[in-house]
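Notes for the one structure printed next.
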Amino acid sequence: MQKKESKDVTQKNLESFPDVAADILNAFIYGGRNVVKKEALYPAPTETEYASPGAVLRNQLEDISKYEMREGRIRVQYLLSNQSGRDSKMVLRKAGYVGAVYREQYDGKSADTFPVVNLVLYWGKGHWKKARSLRDFFQGEELSVQLWRMVDDSRLHVFEMRNLQPEIRCLFQSDMRLVVDYLAEGNGFRSNRRVVHKEALIRLLRALGGDRNVEDTAEILVEMNINEEDEITMCELFDQYTRRGRCEGKQEGLREGLQKGLQKGLQKGLQALITTCRELGVSFDETVGRVQDKFSLGEEEAQKHVQLYW
């Protein structure tokens, strides 16, 4: 049995590529300017530890973590969080992630000190209506003005990937542009942009489209005779994938039609036999027996059919 892969995992697959990660950061932070270079991004730890009640150390995992390096030193650490659902306490999680990195710097686990930037990529269909800051989260609390002044704020930078405006989508230059345009335009989406990370892209689009098992994506590309190094546009990739889907659909439709035909024929046969028995005065129990013999059914199933047409 194949393992079902979550949407968060498929999103992580595409975002882990340096060109895609740099593209996301440039689009959302720098207005599309090529400030963060893919060559300057390096994998950073995605796991940090925190003490739970009882002083037990537990780990917390972030989806994507990248260092931006400059002259051999860490300039900034970026954290990318993928959210499929709306989490009312996400702002508290964000504070935990970022705080853990700063704590490691304080403890001397890092030779450098650097700021941490956390972006939340929300892939859900509805708008994000949860708190976007600690002050928003605690706004229902009855706190004095003096106390509010002492409450540190931590903001949650959420980007609704399904609801990006065209002027934002056009800032992307990597395969992420194809993803956000597809989400905005639906199945009618077409593009002549070249696809770089074919398997990761198709895997993500399948997951976002509702496919719960996308682990066979590599096998599908092999069947389509498409290699990662091939030059291919989104239109060409979609057309080949659609033709394959139509072929599979015809086969599936044929099997489904045959099954429905057999089921329909069975129901007609059952109805005719039961109606005849009733008209001839055959008892209910004897009719059940005849249905069992004629259609090789169990007693309970035969009784249900007889009750239906009796």
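Of the residues that sit in the stretch 46-93 and are modelled with pLDDT of 60 or more and among the basic types (Lys, Arg), which one is farthest from Glu160 (Cα to Cα)?
Ranking the qualifying residues of the stretch 46-93, first place goes to Arg73.
Pairs needed: first member in the stretch 181-200, under 11 Å from Met234 (Cα atoms); second member anywhere, outside any loop (DSSP other than H, G, I, E, B) and among the aromatic types (Phe, Trp, Tyr); C-beta distance under 6 Å; at least 6 residues apart or different chains.
Final answer for the pair search is Phe189/Tyr182.
Does the stretch 285-298 hold any residues that are modelled with pLDDT of 80 or more and open to solvent by 60 Å² or more (accessible area, probe 1.4 Å), and which are they?
Asp285, Glu286, Arg290
Determine, yes or no, whether Asn187 is under 20 Å from Thr10 (Cβ atoms) and open to solvent by 50 Å² or more (accessible area, probe 1.4 Å).
For Asn187, the condition - under 20 Å from Thr10 (Cβ atoms) and open to solvent by 50 Å² or more (accessible area, probe 1.4 Å) - is met.
Out of everything in the stretch 72-91 that is of a type in the set (A, V, I, L, M) and out of contact with any helix residue (DSSP H, G or I) (no Cβ under 7 Å at 6 or more places or on another chain), what residue ends up being farthest from Lys38 (Cα to Cα)?
Met90
Has the stretch 96-105 got any residue that is in a loop (DSSP other than H, G, I, E, B) and surrounded by fewer than 17 Cβ atoms within 10 Å (Cβ to Cβ)?
Scanning the stretch 96-105, I find no residue that is in a loop (DSSP other than H, G, I, E, B) and surrounded by fewer than 17 Cβ atoms within 10 Å (Cβ to Cβ), so the answer is no.
Quick one: in the stretch 194-228, which of the residues that are of a type in the set (A, V, I, L, M, F, W, C) and under 14 Å from Lys12 (Cβ atoms) is surrounded by the most Cβ atoms within 10 Å (Cβ to Cβ)?
So the residue we want is Leu204.
Taking into account only those residues within the stretch 122-177 that are in a strand (DSSP E or B) and open to solvent by 40 Å² or more (accessible area, probe 1.4 Å), which is nearest to Gln11 (Cα to Cα)?
Among them, the one singled out is Phe159.
The values are calculated or read from the model by the stated rules, or taken from the named source; none is laboratory data. These numbers were taken from a predicted model, which means no experiment stands behind them. Glycine also receives a Cβ, built like all others from the backbone with ideal geometry; neighbour counts cover every protein chain displayed. Ligands, DNA and RNA are stripped out before the accessible areas are found, and what is left, the full protein with its side chains, is counted by its heavy atoms. Shrake-Rupley method; radii C 1.70, N 1.55, O 1.52, S 1.80 Å.
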